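**Student:** Mind having a look at this structure? Questions to follow.
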Amino acid sequence: MQMAWFMTMVIFTVAFFLIFLTAYFFRPKKDDRIIPVNPERELMDPEELSLPHRVEPNWPATIETSSGKTAEVSIASITHGSGFIASTMKLPIGEKFQLTIHLPDRPPLQVRAEVTWSNLHLPIEKVLKQGLGIRFIGAGEDAICLINDTLTQHAMAIKAEESIPS
């Protein structure tokens, strides 16, 4: 009886020690933590905040929903993780779909996306472009590299225009 109790205590002690070591050494690093919104950040000058670059490539694309509906659209605006699709196809917010981007000098790019907002319910005269706001949820490495390259080229073009004296 005493031997069983002793073995049980040894097993629980080793398990506790292993859990402690795992929690200590594999805890999130300081760089991995999400910075909470605090009063100091809210009081910052908006010009000091770095906003994601947004580019308007006007790439032709095809949407294919899970129900099989397809539509030809145009990617009117894109940033690192999201974009705006100029389209008249009504999709509910939260719907996930396959987006095929047709690029001029590359093979078509397949990306999964989700509708985050829509302005299709508004009258046409109230909006500049009718369409859907999307978030990329299944962007592969090729898509991420393409978006980053496009954004970098756009930022470099803007800097080049600013450096040219008028």
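What follows draws every value from the coordinates through simple rules; no lab data is involved. From a predicted model like this one, the values you see are computed outputs, not experimental measurements. Using ideal geometry, Cβ is built from the backbone for each residue, glycine included, and neighbour counts are taken over all protein chains shown.
**Student:** Tally Lys/Arg at +1 and Asp/Glu at -1 over every other residue whose Cβ is under 10 Å from the Cβ of Ala76; what's the total? Working shown, then result.
**Tutor:** Details: positive: Lys129; negative: Glu56.
Residues near Ala76 contribute 0 overall.
**Student:** Using a simple charge model, +1 on the beta-carbon of Lys and Arg, -1 on the beta-carbon of Asp and Glu, nothing else, what dipole does the range 59-163 show about its Cα centre, in debye to the nearest 20? Walk me through the numbers on the way to the answer.
**Tutor:** Numbers: 9 positive and 11 negative charges, 76 e Å.
It works out to roughly 360 debye.
**Student:** Specify whether the C-alpha gyration tensor of the range 59-163 places it in the rounded, prolate or oblate class, a ≥ b ≥ c being the square roots of the eigenvalues: rounded for a/c under 1.5, otherwise prolate if a/b is larger than b/c and oblate if not.
**Tutor:** oblate
**Student:** Placing unit charges on C-beta atoms (Lys and Arg positive, Asp and Glu negative, everything else neutral), compute the dipole magnitude of the range 65-127 about its Cα centre in debye, rounded to 20. Present the calculation step by step, with values, prior to reporting the outcome.
**Tutor:** Details: 6 positive and 5 negative charges, 25 e Å.
Here the size comes out at about 120 debye.
**Student:** With a sphere of radius 15 Å drawn around the Cβ of Cys145, what net charge do the other residues whose Cβ falls strictly inside it have (Lys, Arg +1; Asp, Glu -1)?
**Tutor:** Values: positive: Arg106; negative: Asp105, Glu141, Asp142, Asp149.
Once positives and negatives cancel, what remains is -3.
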